[in-house]
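See structure below.
The values are calculated or read from the model by the stated rules, or taken from the named source; none is laboratory data. None of the values given here were measured: they were computed from a predicted structure. Heads up, the Cβs are rebuilt from the backbone with ideal geometry, glycines too, and the neighbour counts pull from every protein chain shown. All accessible areas refer to the heavy atoms of the entire protein, side chains included, with ligands and DNA or RNA removed. Shrake-Rupley method; radii C 1.70, N 1.55, O 1.52, S 1.80 Å.
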Amino acid sequence: MVKEIVLEPDEIIEYVRNDVKKDDVFELAYNRIFAPGIVLGITPEDEETGEGLRIGLQLTGEILSDYVEIDLHRVKDEILEIRHNPTGDKDDEENLIIIEARMFDSEV
């Protein structure tokens, strides 16, 4: 069963902090970038500054397969969608979680 949820940028940060683990399949779409990959690690925020929460991904792609580290606090307002599969199997639709970012307040 595919689970679809809509979260605010700060809620997305909280979701990644609490629910994303090493070896999960994680696809991040932000700004004009699409970064699909396997989670190699998550670096928590710096205790003094509060900055950080970086996710390390081994990108999976036909042309490019490399390691990137993305600071989620820096891109949180540009995140469009996250696809997260905690089982680590990109073809496992049963456990896929799709997180869509709430881009603006709907009451305006």
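Quick notes on this one:
- Surface composition of the chain: carbon and sulfur make up 47 percent of the accessible area, probe 1.4 Å.
- The distance linking the stretch 72-94 with the stretch 23-43 is 6 Å (Cα centroid to Cα centroid, whole angstrom).
- 3J(HN,Hα) couplings calculated from phi for the stretch 12-25 with the Karplus curve 6.51 cos²θ - 1.76 cosθ + 1.60 (θ = phi - 60°) are, in sequence order, 5, 4, 4, 4, 4, 4, 8, 10, 8, 10, 4, 6, 6, 7 Hz; Gly and Pro show x.
- Cut-off of 10 Å, at most 11 other beta carbons, DSSP loop: longest stretch of the chain lacking such GluC sites (Glu not before Pro): 1-46
- Using a probe of 1.4 angstrom and keeping all protein chains present, the accessible surface of the chain works out to 66 square angstrom per residue.
- Built amide H within the under 5 Å cut-off of Y30, gap 5+: A35, L80
- Fraction of antiparallel bridges per DSSP, the chain only, in percent to nearest 5: 85 percent
- The Cα atoms of the stretch 1-84 define a convex hull whose projected area, averaged across directions, is 5.9 nm².
- Every helix of 4 or more DSSP H residues in the chain counts as -39500 (n - 2.57), and over all residues that averages to -3500 deg cm²/dmol at 222 nm.
- 5 angstrom amide H check on L96, placed H, neighbours 5+ away: K3
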